[in-house]
Amino acid sequence: MLKVLKVIAGVIFINLMIYLSWSVAFTIVSYTKEKRNESNVTAAMIHEGVLMGDMLALQHSSWKEGLERIAQHNHYSMLVRDAQGIEQHFGSNSKKYPEISQTSMQSIISGGTFTEIERSNIFKTGVATVGVPIQLDGKQRALVIQSETPSLYDHYGSQLLTVFLGFLIMFLGMLSFRPWKKEAGALYSIIEALRRMSKGDFKVNLYKNRHMNGQFGQLVESINDMASELNQMEQMRQTFISNVSHEIQSPLTSIRGFARALQQEGLDTEQRHHYYSIIETESLRLSKLSDNLLKLTSLESDQHPFEPKPYRLDKQIRRVILACEPQWVEKNIRMDVDLGEVIITADEDLLSQVWTNLIGNSIKFTPNGGTISVDVTSLSDGEGAKISISDNGTGISEEDLPHIFERFFIADKSRNRTVGGSGLGLSIAKRIIDMHHSDIQVSSKRDAGTTFTIRISNTKKINLKQS
Ligand SMILES: Nc1ncnc2c1ncn2[C@@H]1O[C@H](COP(=O)(O)OP(=O)(O)OP(=O)(O)O)[C@@H](O)[C@H]1O
Ligand SMILES: [Mg+2]
């Protein structure tokens, strides 16, 4: 705003300076021109007076009518005076005659001429007076002709208007055309950028020059921000699609391979069963993958039902541990469980998936004979629960640790591929914990073990009878 005012003030100042200098120059030029013209004006009038004299001398009696007609026609004031001092006036009487002295009059009558231009100031019209001898009715007389000369500033108004309009057009052109030229260019690049984005090309970065302040600059910035966000989303989408197709492709390849192997003749029952079980495992893997994908999409869409209600968290976790019993028993894993009585208000079904994945992971990544500890305690303020799930398994390296909640992330791929899983469990868990406005942390050391710590808020601890 201040900048605009400064520009307007600058334009007004420059204009004023131009008009002032132009007015002074106009006055000087007009004055010198007028001064040079004055002698021409009076000379022309004298010439006219002489012609009038010659013409009227022939008309004898009607010279008065003739003079009156000429005076009216030329807007002159005229005076005829004889040697006795008798005067006769013709034409308009409104003009003031200059004081022509007696001697000057006498010198005109006796054949001399008189010229004078009178102007009270340069802004007003002047009066040019000439005197010529004239012979009428056979008598020598003086003819005084008076005419108005225009003011020096007669054309000032129109010329000022011309200059004013000229500069106005110039400044308007400078003010509007220049930025518009730039903005029109920028506008074209914005349209081009939007066109590219509408075709799915988000690698757009519009150049914002220093003239693009205000709303135009904001528009350019917003388009750049939008393009960068869309580009990120597009990259995520592409990574997601390639991950999904990879995850689908590998079980399908095994299924196809073993299905073909089963067509061979001469396979014994044991081999056949082995192939069948691989096909079954891979089909289950595919089915779990599709389940997880649907779950993740639904959780991320904000449309997933979320029904928190109070329930016994410790009981829920015990159920999950018991459901996994075949796996940990098979690996001879020691389960160290310490479950306090805790009631939380949360979505029971959703949280069940979190514990299943975390405990499932611990079992998956802990070698035979390892130990898994599960602790559930109330938070000291009584408004939540802290759940900690630790194992002394493979652990996660420092570089992989920040990525484990990303979709399809599998740490130490070569080793963990053998244990199965598509790397979606933890992203689902993180999303569920986020929906509860709660927190999940992980600490891990390679070959030493991993601990997941979850703090569930929005929980209530109620003293319940032992169930
Ligand atoms: N307790 C753990 N010990 C060692 N590594 C783990 C542990 N928990 C998770 N990870 C690492 O984090 C990765 C991601 O875990 P996540 O649960 O998301 O996927 P997954 O278990 O491989 O597959 P899914 O859960 O989808 O079946 C795992 O592949 C593993 O590399
Ligand atoms: Mg998992």
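A few notes on this one:
- Qualifying residue in segment 284-294 (condition: under 43 Å from the mean Cα position of the chain (by Cα), at positive phi and without any contact (Cβ under 8 Å) to a residue 24 or more places away in the chain): no
- Segment 427-452, subset within 11 Å of ligand 1 (Cβ to nearest atom) and assigned to a helix (DSSP H, G or I), residue nearest to Asn357 (Cα to Cα): Ala429
- Counted as qualifying within segment 102-170 are the strands (runs of 3 or more DSSP E) with 3 or more residues that are under 13 Å from Val80 (Cα atoms), namely 126-136, 139-149.
- Count - residues of segment 195-225 that are in contact (Cβ under 8 Å) with a residue 12 or more places away in the chain and surrounded by 15 or more Cβ atoms within 10 Å (Cβ to Cβ): 11
- Test: Gln303 is of a type in the set (S, T, N, Q), open to solvent by less than 20 Å² (accessible area, probe 1.4 Å) and away from ligand 2 (no atom under 16 Å from the Cβ): no
- Residue check, Val50 open to solvent by 60 Å² or more (accessible area, probe 1.4 Å), part of a helix (DSSP H, G or I) and closer than 19 Å to Glu116 by Cα: yes
- For segment 1-43, a residue qualifies if it is among the hydroxyl-bearing types (Ser, Thr, Tyr) and either surrounded by 11 or more Cβ atoms within 10 Å (Cβ to Cβ) or touching a residue at least 60 places away in the same chain (Cβ under 8 Å) (or both), and the qualifying residues are Tyr19, Ser23, Thr27, Ser30, Tyr31, Ser39, Thr42.
- Selection within segment 306-326 - in a helix (DSSP H, G or I) and open to solvent by 40 Å² or more (accessible area, probe 1.4 Å): Lys315, Arg318, Arg319, Leu322, Ala323, Glu325, Pro326
- Val329 vs. criteria of a type in the set (Val, Ile, Thr), over 20 Å from Met435 (Cα atoms) and either open to solvent by less than 20 Å² (accessible area, probe 1.4 Å) or at pLDDT 95 or above (or both): yes
- Among residues of segment 53-88, those that are surrounded by 13 or more Cβ atoms within 10 Å (Cβ to Cβ) and either of a type in the set (Phe, Trp, Tyr) or closer than 24 Å to Ser104 by Cβ (or both), counted: 19
- Qualifying position, being more than 23 Å from Asn15 (Cβ to Cβ) and either at pLDDT below 85 or in the same structural domain as Tyr19 (by TED's automatic domain parsing) (or both), among Lys203, Lys208: Lys208
- Meets criteria (hydroxyl-bearing (Ser, Thr, Tyr) and farther than 27 Å from Arg431 by Cβ) for Tyr275: yes
- Among the residues of segment 122-152, those that are under 30 Å from Ala25 (Cβ atoms) and either surrounded by fewer than 18 Cβ atoms within 10 Å (Cβ to Cβ) or free of Cβ contacts under 8 Å to residues at least 40 places away in the same chain (or both) comprise Ile122, Phe123, Lys124, Thr125, Gly126, Val127, Glu148, Pro150, Ser151.
- Selected residue (criterion: farthest from Ile404 (Cα to Cα)) from residues of segment 426-452 that are open to solvent by 30 Å² or more (accessible area, probe 1.4 Å) and in contact (Cβ under 8 Å) with a residue 60 or more places away in the chain: Met435
- From the list Leu289, Leu293, Leu284, the one residue that fits, being open to solvent by 80 Å² or more (accessible area, probe 1.4 Å), within 23 Å of Ser254 (Cβ to Cβ) and not assigned by TED's automatic domain parsing to the domain that holds His437, is Leu284.
Each row is one residue, and each column tells you yes or no for (1) buried (at least 16 other Cβ atoms within 10 Å of the Cβ); (2) within 26 Å of Thr297 (Cα to Cα); (3) near ligand 1 (Cβ under 8 Å from one of its atoms).
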position	(1), (2), (3)
Ile333	yes, no, no
Val337	no, no, no
Asp349	no, yes, no
Ile359	yes, yes, no
Ser362	yes, yes, yes
Phe365	yes, no, yes
Gly393	yes, no, yes
Asp400	yes, yes, yes
Gly421	yes, yes, yes
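The values are calculated or read from the model by the stated rules, or taken from the named source; none is laboratory data. Source: prediction; values computed, not measured. As a convention, Cβ positions derive from the backbone with ideal geometry for all residues, glycine included, and neighbour counts pool all protein chains shown. The protein model used for the area step is the full one, side chains on, heavy atoms only, and it has no ligands, DNA or RNA in it. Shrake-Rupley method; radii C 1.70, N 1.55, O 1.52, S 1.80 Å.
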